[in-house]
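Derivation of every value follows stated rules applied to the coordinates shown; laboratory data play no part. None of these values were measured; they are calculated from a predicted model. Please note: Cβ atoms are built from the backbone with ideal geometry, for glycine as well, and neighbour counts cover all protein chains shown.
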Amino acid sequence: MQLLHAGPFAEELETLPLLQEFATANGLIKSGMHHEIHLVNFEKGQSQAHLRTILRDPVVAIK
């Protein structure tokens, strides 16, 4: 499953629980490592307000 996070990396900690809530509500459990796809290139010192990151967790259905 995946979710688009918009904004600074530090705020991902507020977005990540949404993935878990979705998984629980749909009978899914995590089946691997979390990973991220950064859609916007950023450089040190820039504002992170414009960042877009896809947060992904592999899942399987609960049997």
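Sequence-ordered 3J(HN,Hα) estimates for the stretch 13-21 from the Karplus curve with 6.51, -1.76 and 1.60 and θ = phi - 60° stand at 5, 7, 8, 4, x, 5, 5, 5, 4 Hz, glycine and proline given as x.
Extension gain, Q2 to A61: 0.36 nm times the residue separation minus the Cα-Cα distance gives 19.7 nm.
When +1 charges are put on Lys and Arg Cβ atoms and -1 charges on Asp and Glu Cβ atoms, the dipole computed for the chain relative to its Cα centre reaches about 220 debye.
Could you give the Stokes-Einstein D for the chain in µm² per second, using the C-alpha Kirkwood radius, 25 °C, 0.890 mPa s? Could the numbers behind the result be given before it?
On the way: Rh = 12.6 Å.
Rounded to a whole number, D works out at 195 µm²/s.
Please give the FRET efficiency for A49 paired with N26, using the beta carbon to beta carbon distance and R0 = 35 Å, rounded to the nearest 0.05. Calculated value: 0.65. Between I37 and E12, the simple label model (points 7 Å from Cα in the Cβ direction) yields a spacing of 1.5 nm. Per residue of the chain, the DSSP helices (runs of n ≥ 4 H) give a summed -39500 (n - 2.57) that works out to -7000 deg cm²/dmol at 222 nm.
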